[in-house]
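What follows is a set of notes on a single structure, which appears directly below.
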Amino acid sequence: MSRLARLAAGLDTPLLVTDAVNVRYLTGFRSSNCALLVEPEGATALYTDFRYLRAAQAVEGVEVVRTRRDVAGALAELLAGRRVGFEASRISFSHWETIGSAGAELVPTRGLVEALRVIKDEAELDAIRRAAGIS
């Protein structure tokens, strides 16, 4: 089961992942300007601007949504009227305020992705073993 599928299976409400480290963990996508919306049934949207569009399109299992550079501002419009969980310890107050300004109901969550990161898959365990062998 993929990381995204494991996350989605534990959700009751869509989750907005804005922490770049968590986006990378879930998708392998590296960007300083992105967000991921994971729906409980598994559909996932990756939001980013034109600078990262080609790399985003290479990510399997996500719908890529091109936004303007102000991803938080774009999310405010795209999530208006929806109830969405967000990473309470990973989002700035400014982004929280912007996203909620158009009427999204933002529900704080804590540690959902981090709980997945604690359990290592076989590839991660192999990397740890190799690193231990080197040191």
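The values are calculated or read from the model by the stated rules, or taken from the named source; none is laboratory data. Predicted model only: the values in this text are computed from it and were never measured. As a convention, Cβ positions derive from the backbone with ideal geometry for all residues, glycine included, and neighbour counts pool all protein chains shown. Only protein heavy atoms, including side chains, enter the accessible area calculation; ligands, DNA and RNA are left aside. Shrake-Rupley method; radii C 1.70, N 1.55, O 1.52, S 1.80 Å.
Looking only at the range 9-24, count every residue that is touching a residue at least 12 places away in the same chain (Cβ under 8 Å) and either farther than 26 Å from residue 105 by Cβ or not in a helix (DSSP H, G or I) (or both) and tell me the total.
So the count comes out to 10.
Among (1) surrounded by 12 or more Cβ atoms within 10 Å (Cβ to Cβ); (2) farther than 14 Å from residue 7 by Cβ, where does residue 85 come up short?
Unmet condition: (2).
Please tell me if residue 105 is surrounded by fewer than 16 Cβ atoms within 10 Å (Cβ to Cβ), among the acidic types (Asp, Glu), touching a strand residue (DSSP E or B) at 6+ places or on another chain (Cβ under 6 Å) and more than 20 Å from residue 5 (Cβ to Cβ).
On the way: surrounded by fewer than 16 Cβ atoms within 10 Å (Cβ to Cβ): yes; among the acidic types (Asp, Glu): yes; touching a strand residue (DSSP E or B) at 6+ places or on another chain (Cβ under 6 Å): yes; more than 20 Å from residue 5 (Cβ to Cβ): yes.
Taking the combined requirement at face value, the residue satisfies it.
Is there a residue being among the basic types (Lys, Arg), within 13 Å of the chain's Cα centre (by Cα) and open to solvent by 40 Å² or more (accessible area, probe 1.4 Å) anywhere in the range 52-69?
To start, the set of residues in the range 52-69 that are among the basic types (Lys, Arg) comprises 54, 66, 68-69.
Narrowing further to those that are within 13 Å of the chain's Cα centre (by Cα): none.
Within the range 52-69 (the criterion being among the basic types (Lys, Arg), within 13 Å of the chain's Cα centre (by Cα) and open to solvent by 40 Å² or more (accessible area, probe 1.4 Å)), the answer is no, since none of the residues qualifies.
Results for (1) touching a Ser or Thr at 6+ places or on another chain (Cβ under 9 Å); (2) among the β-branched types (Val, Ile, Thr); (3) closer than 22 Å to residue 110 by Cα, shown as yes or no for each residue.
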| position | (1), (2), (3) |
| --- | --- |
| 47 | yes, no, yes |
| 53 | no, no, no |
| 58 | no, no, no |
| 65 | yes, yes, no |
| 68 | no, no, no |
| 72 | yes, no, yes |
| 76 | yes, no, yes |
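Name the pairs whose Cβ atoms lie under 8 Å apart, with the first residue in the range 35-62 and at positive phi, the second part of a loop (DSSP other than H, G, I, E, B), and 6 or more positions between them or separate chains?
Between residues of the range 35-62 that are at positive phi and residues that are part of a loop (DSSP other than H, G, I, E, B), the close pairs are 61/2.
Filter the range 6-51 down to the residues that are among the aliphatic types (A, V, I, L, M) and exposed (fewer than 14 other Cβ atoms within 10 Å of the Cβ) and list them by number.
Residues of the range 6-51 among the aliphatic types (A, V, I, L, M): 7-9, 11, 15-17, 20-21, 23, 26, 35-38, 43, 45-46.
Within the range 6-51, 9, 21 meet the criteria.
Just give me the residues in the range 82-113 being more than 18 Å from residue 12 (Cβ to Cβ) and in contact with an Asp or Glu (Cβ under 9 Å, 6 or more places away or on another chain), in sequence order. Steps first, please.
Of all residues in the range 82-113, those more than 18 Å from residue 12 (Cβ to Cβ) come to 89-103.
The answer is 89, 90, 91, 98, 102.
Give the residue, chosen from 117, 110, 129, that is closer than 22 Å to residue 27 by Cβ, open to solvent by 70 Å² or more (accessible area, probe 1.4 Å) and out of contact with any strand residue (DSSP E or B) (no Cβ under 9 Å at 6 or more places or on another chain).
Numbers: 110 fails: out of contact with any strand residue (DSSP E or B) (no Cβ under 9 Å at 6 or more places or on another chain); 129 fails: closer than 22 Å to residue 27 by Cβ.
Going through 117, 110, 129 in turn, the sole match is 117.
Can residue 63 be described as in contact with a Lys or Arg (Cβ under 9 Å, 6 or more places away or on another chain), among the acidic types (Asp, Glu) and under 30 Å from residue 122 (Cβ atoms)?
On the way: in contact with a Lys or Arg (Cβ under 9 Å, 6 or more places away or on another chain): no; among the acidic types (Asp, Glu): yes; under 30 Å from residue 122 (Cβ atoms): yes.
No; evaluated as a whole, the condition is false for this residue.
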